[in-house]
Amino acid sequence: MLVNGRWTDNWHPVQASDDKGRFVRQVSGFRNWITPDGSAGPTGSAGFKAEAGRYRLYVALICPWASRTLIARKLKGLDRLIPVTVVNPMLGAQGWSFGGYDGAEEDPLFAARHLHEIYTRADAGYTGRATVPVLWDMRQNVMVNNESADILRMFDTAFEGLVPSDLRLYPEDLAGEIDALNARMYDQFNNGVYKAGFAQSQAAYDEAVEGVFTFLDEMEGRLTGDYLFGDQLTESDIRAFVTLIRFDAAYHGLFKANRRQIADYPRLSAYLERMLSLPGVAETVNMDHITRGYYAIKALNPNGIRPTGPAHVAEMLARAGAQG
């Protein structure tokens, strides 16, 4: 990680643990918002107006948090406005790197070798982990935001004046319900699988895995319509999808979340197929990057052996036209 702008330690998946061995995730450090007129958003400073070609998104296709932003970018038609750079799926001794793997790209802005170099360009004295996604302002050469939840919401509304859309991922009439569901989904499911996989005690693992499957059971029962809020697609569906699509291939085995697979849930399986059929969503899924990245985590898989399945996930993705 970076300490006062210097890379000081080899990357390790366990960012922090509490006194009971629970995995604790780092809080994002850059929280500015792009807005239609450049005024300040809910956090951060003003000065980031929605403009075509001004911003670049750095992502890892392995990463569910980064994939949230890719899906919103696709669904909201922002492809031509916001270019994307994909990093190498395998975290090395200096974290995320550029190039060196099929589908990974070189840094087009600064010819950086590692993502942490982008962070120190934004803040020469930065302390913390260099995470994805990163939303970068190419005009001012500053980092706008590295919090996926913020980027997801700004993509929903900030560029409406340039690319109008009938789709609203965070509609006002559902805002309170979405926030409440998102909070539980993050704790029990999105981050819950990580809390299970990176638990430092049996008690922490037991608590985490119970939360994961409690929430999966709840979603299975909730899906009486096409989406989590009936027939209306919202950001909650994006948040659910990115974890669900990785579950059977990575979290079930590597993270020991193995009570059941998503394949054992009929409604959730059908839901995954519906999400993958939405325009552009399948393009954001690269199972080669996902399995290569997760199974390269030496703390969990020291020999780096990558499984060849599961077949049902490969078949689902093939039907949807997803990558790898």
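Structural remarks
- Evaluation of residue 225 against (1) assigned to a helix (DSSP H, G or I); (2) among the small types (Gly, Ala, Ser); (3) closer than 28 Å to residue 155 by Cβ (one fails), failing number: (1)
- Filter pass, residue 187 being surrounded by fewer than 18 Cβ atoms within 10 Å (Cβ to Cβ) and either over 20 Å from residue 71 (Cβ atoms) or at pLDDT below 95 (or both): yes
- Among residues of segment 123-132, those that are β-branched (Val, Ile, Thr) and open to solvent by 20 Å² or more (accessible area, probe 1.4 Å), counted: 2
- Candidate set: segment 213-242, residues that are of a type in the set (Val, Ile, Thr) and open to solvent by 10 Å² or more (accessible area, probe 1.4 Å); chosen: the one nearest to residue 183 (Cα to Cα): 214
- Just one of the numbered conditions (1) part of a helix (DSSP H, G or I); (2) touching a residue at least 12 places away in the same chain (Cβ under 8 Å); (3) of a type outside the set (S, T, N, Q) is not true of residue 199: (1).
- Within segment 133-161, tally of residues that are open to solvent by 10 Å² or more (accessible area, probe 1.4 Å) and either among the small types (Gly, Ala, Ser) or part of a loop (DSSP other than H, G, I, E, B) (or both): 8
- Looking at 280, 225, 221, just one residue is modelled with pLDDT of 95 or more, closer than 21 Å to residue 103 by Cβ and of a type in the set (Gly, Ala, Ser), and that residue is 280.
- Within segment 81-92, the residues that satisfy the criterion of being part of a loop (DSSP other than H, G, I, E, B) and modelled with pLDDT of 95 or more are 81, 82, 83, 87, 88, 89, 90.
- Search result, residues across segment 276-311 that are open to solvent by 60 Å² or more (accessible area, probe 1.4 Å), outside any loop (DSSP other than H, G, I, E, B) and either touching a His at 6+ places or on another chain (Cβ under 9 Å) or within 15 Å of residue 249 (Cβ to Cβ) (or both): 292, 311
- Set side by side, the residues 235, 160 differ, and just one is more than 15 Å from residue 22 (Cβ to Cβ), within 19 Å of the chain's Cα centre (by Cα) and touching a residue at least 60 places away in the same chain (Cβ under 8 Å), which is 235.
- Test: residue in segment 103-121 that is among the aromatic types (Phe, Trp, Tyr), open to solvent by less than 30 Å² (accessible area, probe 1.4 Å), farther than 22 Å from residue 233 by Cβ and out of contact with any Ser or Thr (no Cβ under 6 Å at 6 or more places or on another chain): yes
- Only residues that are surrounded by fewer than 22 Cβ atoms within 10 Å (Cβ to Cβ) and farther than 15 Å from residue 235 by Cβ were counted across segment 51-77, and they come to 6.
- Which listed residue is modelled with pLDDT of 95 or more and either part of a loop (DSSP other than H, G, I, E, B) or open to solvent by less than 30 Å² (accessible area, probe 1.4 Å) (or both), from 99, 21: 99
The values are calculated or read from the model by the stated rules, or taken from the named source; none is laboratory data. Because the structure is a prediction, the values reported are computed rather than measured. Positions of Cβ are backbone-derived with ideal geometry, glycine not excepted, and every protein chain shown enters the neighbour counts. The accessibility values were calculated without ligands, DNA or RNA, using every heavy atom of the protein model including side chains. Shrake-Rupley method; radii C 1.70, N 1.55, O 1.52, S 1.80 Å.
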